[in-house]
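Following: one structure in structure tokens, then a few remarks.
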Amino acid sequence: VSANFATLVADGEVHRRFYTDPAVFDAEQTKVWGGTWVYVAHESEVPDPDDFVTAHLGSRPVIVTRGADRELRVLLNRCAHRGSTVCVEASGTAKRFACPYHGWTFANSGELLAVPYPSGYQTSRARSLHGLAVVPRVESYRGFVFATLNEDAVSLRDYLGAAAERLDDFIDRLPGGKLRVLPYAHRMKYAGNWKLMWDNTSDGVHPAFAHRSFLHAAAARTEDPTMLSQFARDLDRTGMYMEDLGHGHIFLDQRPGLAGSHWEAQRPVPGLETYERALREQLGDGADALLEIAPSSAINLSIFPNLLILQNQLQIVQPLAVDRTTLSFYLCVPEDVPGDLAPLRARIAEDFPNLVSPDDLEIFERCQDGLGIPELEWVDASRGLGSDLEVDVDGITRAPVTYETGVRAYQREWARLMAEDVQPRVAWAPARVSS
Ligand code: FES
Ligand SMILES: [Fe+2]
């Protein structure tokens, strides 16, 4: 039955059940969130032995731990006794996780260390006591950690493909090519399907409409063009483009739309002048180069299914239900932060989730509402289909920023995954309980 879900995606249109059917959502847990590489953390969030952060593989809560042996592991956050999560903190440092329900205690490698009243386990069941379930495959690319339950998945490097080089560009923009992700998130929820975010991530047409009030506010305070206001001009003349990188990954390059300096295109943000003055005092002539990397990277790199890189942030997509999604924004800063660059990047990064994202979230909820109409089955995604402006550049499809090439790209990868026969698997950490 599940193989039929792939037929919800057609060429240039998609069936409403793609967004609304709880059976599709359930199947995605196996085929997408259990079947392909999912971003779980950045290594800089867990720099030292015993550090951890929590994350999700779709609906599966996980703990990303760095053991005393420095090895990264991804543990399923589910007690081996009755199923409670054993870690409720978003991040921290811990050698052990003690379940709050009956006190079973696990090492940060997943091993079961202690069970209260152990003499109660005398039966054959007792011999099969085990630790936490462990995600069998964990791989990193330049500090970005991904995990999958699919033992047959291609290597992470092959999965990323051309997206790896775009990720290099994002990282190498920083001094020494060293990026740090702060382990704190700005989280928001919306009442809509997680893939509505994917429709939006490469959508170059919507800013002039959905974000009109924001563009007006920015224009009222400064000369055009500011960052994002390039979307309010004649889009087909800006040179901005998007690329279908394969495996559902999408790249949108806003840089050709900015004339020259990123710093000069920075829209007004509270405190900007104060930080600029401080940086110029701290660094003298060196300040100009750093001010240039304080504003948005002006790229959107979306790595299917849950890692969206935009501005100077990571935006993580987490599905909660067919019509419920969490977005978490994480700030990226240079690893060795010169002067006041980090707080300046933080101030600049704040305005997007606060002033721009709420427009998108409102639109997603309206889409979910409209897509609930059973008689109106198909949703258009055909803009640019068959156009000769969709061109092949070194094996990558490149298209104007107004096209829905990126929408079709991720939907095609989704359909491919939904048609695959995958068996997500876990490994088990052993028990070291003496009874
Ligand atoms: S559910 Fe964890 S100890 Fe009982
Ligand atoms: Fe938007």
> Placing +1 at every Lys and Arg Cβ and -1 at every Asp and Glu Cβ, with all other atoms neutral, what dipole size does the chain have around its Cα centre, in debye to the nearest 20?
Replying inline: 1920 debye
> With all protein chains present, how much of the accessible area of segment 323-435 (probe radius 1.4 Å) comes from carbon and sulfur, to the nearest whole percent?
Replying inline: 48 percent
> Using modelled amide H (1.01 Å from N, peptide plane; none on Pro or chain starts), what sits under 5 Å from the amide H of GLU13, excluding residues fewer than 5 places away?
Replying inline: ALA381
> In the chain, what cysteines have no partner Cβ closer than 4.7 Å?
Replying inline: CYS87, CYS332, CYS367
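If you place +1 on the Cβ of every Lys and Arg, -1 on the Cβ of every Asp and Glu, and leave all else neutral, what size is the dipole of segment 148-257 about its Cα centre, to the nearest 20 Debye?
Dipole size: approximately 640 debye.
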>> Among 53-66, 288-301, how do they line up by average Cβ neighbours within 10 Å per residue, starting with the highest?
In response: 53-66, 288-301
> Per-residue HN-Hα couplings for segment 359-367, Karplus 6.51 cos²θ - 1.76 cosθ + 1.60 at θ = phi - 60°, whole Hz, x for Gly and Pro?
Replying inline: 4, 4, 4, 4, 5, 4, 5, 5, 4
> Calculated from DSSP H runs of 4 or more alone, at -39500 (n - 2.57) each and per residue, what is the 222 nm mean residue ellipticity of the chain, nearest 500?
Replying inline: -7000 deg cm²/dmol
> Under 28 Å from the Cα of LYS95, which lysines turn up, not counting those fewer than eight places away in the same chain?
Replying inline: LYS178
>> Within segment 110-204, what whole-number % of the accessible surface is contributed by carbon and sulfur, with the 1.4 Å probe and all protein chains included in the calculation?
In response: 48 percent
> Which residue, chosen from THR405, GLN282, GLY120, occupies the Cα position most advanced towards the positive end of the dipole of the chain, where the dipole is computed from +1 (Lys, Arg) and -1 (Asp, Glu) charges on Cβ about the Cα centre?
Replying inline: GLY120
> How large is ³J(HN,Hα) for each residue in segment 329-343, as worked out from phi by the Karplus curve 6.51 cos²θ - 1.76 cosθ + 1.60 (θ = phi - 60°), to whole Hz, x for Gly and Pro?
Replying inline: 9, 10, 7, 9, 10, x, 5, 9, 8, x, x, 8, 5, 5, x
>> Which of rounded, prolate or oblate describes segment 23-154 when judged by the alpha-carbon gyration tensor and an a/c cut-off of 1.5?
In response: oblate
>> 5 Å is the cut-off here: which amide hydrogens, built 1.01 Å from N in the peptide plane, fall below it relative to LEU320, excluding neighbours closer than 5 in sequence?
In response: THR325, THR326
> If the cut-off is 29 Å between C-alpha atoms, which lysines fall inside it for LYS195, apart from same-chain ones fewer than 8 positions away?
Replying inline: LYS31
> Under 5 Å between amide H atoms, partner at least 5 residues away or on a different chain: which partners does VAL40 have, H built in plane at 1.01 Å?
Replying inline: VAL145, PHE146, ALA147
> Roughly what angle does helix 163-172 make with the longest principal axis of the chain, taking Cα atoms, 0 to 90 degrees, to the nearest 10?
Replying inline: 70 degrees
>> Quick check: from the Cα gyration tensor, does the chain come out rounded (a/c under 1.5), prolate or oblate?
In response: oblate
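Using unit Cβ charges (K, R positive; D, E negative) and no other charged atoms, how large, in debye to the nearest 20, is the dipole of segment 29-75 about its Cα centre?
Value, rounded to 20: 380 debye.
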> Hey, what do the phi angles of segment 175-186 turn into as Karplus ³J(HN,Hα) couplings, whole Hz, using 6.51/-1.76/1.60 and θ = phi - 60°, x for Gly and Pro?
Replying inline: x, x, x, 10, 10, 10, 9, 6, x, 10, 10, 9
> What accessible area per residue comes out for the chain, rounded to a whole number of Å², with a 1.4 Å probe?
Replying inline: 43 Å²
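The values are calculated or read from the model by the stated rules, or taken from the named source; none is laboratory data. For clarity, every value in this text was computed on a predicted model and none was experimentally measured. Here the Cβ is made from the backbone with ideal geometry for all residues, glycine too, and neighbour counts use every protein chain on show. Areas reflect the complete protein model, heavy atoms only, side chains present, ligands, DNA and RNA absent. Shrake-Rupley method; radii C 1.70, N 1.55, O 1.52, S 1.80 Å.
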